[in-house]
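Accompanying notes for the structure given below.
The values are calculated or read from the model by the stated rules, or taken from the named source; none is laboratory data. No experiment lies behind these values; they were computed from the predicted model shown. Cβ atoms come from the backbone with ideal geometry, glycine included; neighbour counts cover every protein chain shown.
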């Protein structure tokens, strides 16, 4: 199962800022939205944006006739080169893990909205994942840069929130055109520093949280 | 970046490009590209900064309107805020603070940010 939140297209989200009514469980600055999502080989737009914030509805409105990306669910644009590359990986949803592809950082991942890119935290991400028809509580693999860089960061928080194991890269995730990936920091020449590679780290849910 | 990355497919030179939140080395001759994520530090900063008002003219409509917009309060409340001593205008992450800062600087509204704002 693939779930992707990348830069440009698949999920369309509308951000709201300021202390206004953002909907249940949402915090100021969180994104909430009408997503355009890709599900499996389908893509869907949720249509026009309304003026008021709308909590993401997941793929409930997915239409079956928009062809897009590999994998059952995809929030990412099919024009994003990172997504194009990583879509060609040979190990999709390994060992039953639910793949989530997105541009990421230690504490947030990015989704694309009609108004631009939005970084969302583990809470919003958890809701988006849970709303996928293909997600039934599987463990998750984040194919999302740096989301495993911090012991108390995005991956751990997502594991706690969903009460599943989460695998995530400890550094930048580089994607080659054949789908091969490497976890490594950017070297002085701008290329991945292969002398200092990171790893895909496993995060177990902490039930006390 | 001294060394030029060669395309692993055709051997041609690559060029470094940023495309939205993706960056990497793109072949100049074919479709090969090695890419990763690029998210600016300011967007990754999850620190909750506090922005305090130091000085604004309660009779200056543009300034009051800006205060109203940033603090998400109505015009009258904003005018009252402009008369208070160092009120908290907004507490938010770096991107929101940066946006407010730019607006205030355009209108010569004096403010202070805690903790130090490194952008």
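So here's what we get for this one:
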{"item": "Qualifying positions in region A:73-88 - under 17 Å from residue A:182 (Cβ atoms) and either facing chain B (nearest Cβ under 8 Å) or modelled with pLDDT under 85 (or both)", "result": "A:81, A:82, A:85"}
{"item": "Which listed residue is over 21 Å from residue A:83 (Cβ atoms) and within 14 Å of another protein chain (Cβ to nearest Cβ), from A:146, A:157, A:115", "result": "A:157"}
{"item": "Test: residue in region A:25-32 that is modelled with pLDDT under 80, assigned to a loop (DSSP other than H, G, I, E, B), surrounded by fewer than 16 Cβ atoms within 10 Å (Cβ to Cβ) and more than 14 Å from chain B (Cβ to nearest Cβ)", "result": "yes"}
{"item": "Filter result (part of a loop (DSSP other than H, G, I, E, B) and either surrounded by 14 or more Cβ atoms within 10 Å (Cβ to Cβ) or within 10 Å of chain A (Cβ to nearest Cβ) (or both)) within region B:13-39", "result": "B:20, B:21, B:30, B:31, B:32, B:38, B:39"}
{"item": "Residue among A:202, A:163 that alone is surrounded by fewer than 18 Cβ atoms within 10 Å (Cβ to Cβ) and in contact with a strand residue (DSSP E or B) (Cβ under 6 Å, 6 or more places away or on another chain)", "result": "A:202"}
{"item": "Residue within region A:138-149 that is at pLDDT 95 or above and out of contact with any strand residue (DSSP E or B) (no Cβ under 6 Å at 6 or more places or on another chain) present", "result": "yes"}
{"item": "Restricting region A:120-134 to residues that are in contact with a strand residue (DSSP E or B) (Cβ under 8 Å, 6 or more places away or on another chain) and within 20 Å of residue A:103 (Cβ to Cβ), the residue that is modelled with the lowest pLDDT", "result": "A:132"}
{"item": "Hey, residue B:76 on the phi < 0 side of the Ramachandran plot, more than 13 Å from chain A (Cβ to nearest Cβ) and touching a residue at least 12 places away in the same chain (Cβ under 8 Å) or not", "result": "no"}
{"item": "Residue within region A:194-204 that is within 14 Å of another protein chain (Cβ to nearest Cβ) and part of a loop (DSSP other than H, G, I, E, B) present", "result": "yes"}
{"item": "Unique match (being out of contact with any strand residue (DSSP E or B) (no Cβ under 8 Å at 6 or more places or on another chain), at pLDDT 95 or above, assigned to a loop (DSSP other than H, G, I, E, B) and surrounded by fewer than 17 Cβ atoms within 10 Å (Cβ to Cβ)) among B:102, B:65, B:80, B:85", "result": "B:85"}
{"item": "Hits in region B:46-62 - residues which are crowded, with 20+ Cβ neighbours inside 10 Å and closer than 27 Å to residue A:105 by Cβ", "result": "B:49, B:51"}
